[in-house]
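Scroll down for the structure; my scribbles are underneath it.
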Amino acid sequence: MSEPATDIELILSARAGDQAALEALMKRHKSLVKMRARPYFLIGADRDDLIQEGMIGLFKAVRDFDPELNVSFRAFAEMCITRQLITAIKTASRQKHIPLNSYVSLDGEALLSGRRAADPVETVLAAERVRYVREITEGRLTPLESTVLLAYISGKSYREIAQDLKCGAKAVDNALQRIKRKMAGVAGQLS
């Protein structure tokens, strides 16, 4: 019987496009994500939302880990997970006090057109979230669901999304419910 692959072996395979290696890493370290998310609270979100943010941090750790440095992947992942959780909490608390028209658009148009966002850090975070959302949803969501999801995470209300898409708020709600079910299925595959 062969030994299980090391974290570094899985990271290198995942970076080479091996989806199974990425899933193995995410599954292997999901308990770390749950442990790091336990002490935090996110206003307006449930525990699964925090775990999802932690999983984003874990994904970033896989993406950014440098095997040449003298640090374990687990320690690096713990730092990335914690940073992602703190960023999500700070972002959520700031959004409560900012008018809707100052949100950063995540559809890429504002970034490409050169319109300035209220906060450069938010622009960078928004671009990272767009890239990550596209990576995990690619092939899983319909074009409508992808559009709704990007608008929703950019801070738009159901009504605003419905106006942009020229559909009803109920259609937006239905799309978001389908997205949640699909993403819960993806998360279930990783657990």
Q: For the stretch 153-178, enumerate the residues that are surrounded by 15 or more Cβ atoms within 10 Å (Cβ to Cβ) and of a type in the set (S, T, N, Q).
A: 154, 174
Q) Does the stretch 150-157 contain at least one residue that is at pLDDT below 85, outside the structural domain of residue 45 (by TED's automatic domain parsing) and within 30 Å of residue 7 (Cβ to Cβ)? A) yes
**Q.** Selection count, the stretch 1-29, where residues are within 17 Å of residue 56 (Cβ to Cβ) and in contact with a helix residue (DSSP H, G or I) (Cβ under 7 Å, 6 or more places away or on another chain)
**A.** 8
Q. Which ones in the stretch 1-33 are under 10 Å from residue 73 (Cβ atoms) and among the acidic types (Asp, Glu)?
A. 7
Q) Does residue 182 satisfy the criteria of being at pLDDT 65 or above, surrounded by 13 or more Cβ atoms within 10 Å (Cβ to Cβ) and not in a helix (DSSP H, G or I)? A) no
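Among the candidates 94, 140, 115, 129, single out the residue that is over 13 Å from the mean Cα position of the chain (by Cα), within 23 Å of residue 14 (Cβ to Cβ) and modelled with pLDDT under 85.
None of the other options fit; the residue is 140.
The values are calculated or read from the model by the stated rules, or taken from the named source; none is laboratory data. Bear in mind that the values here come from a model prediction, so they are computed numbers and not experimental data. Note: ideal-geometry Cβ built from the backbone for every residue, glycine included; neighbour counts use all protein chains shown.
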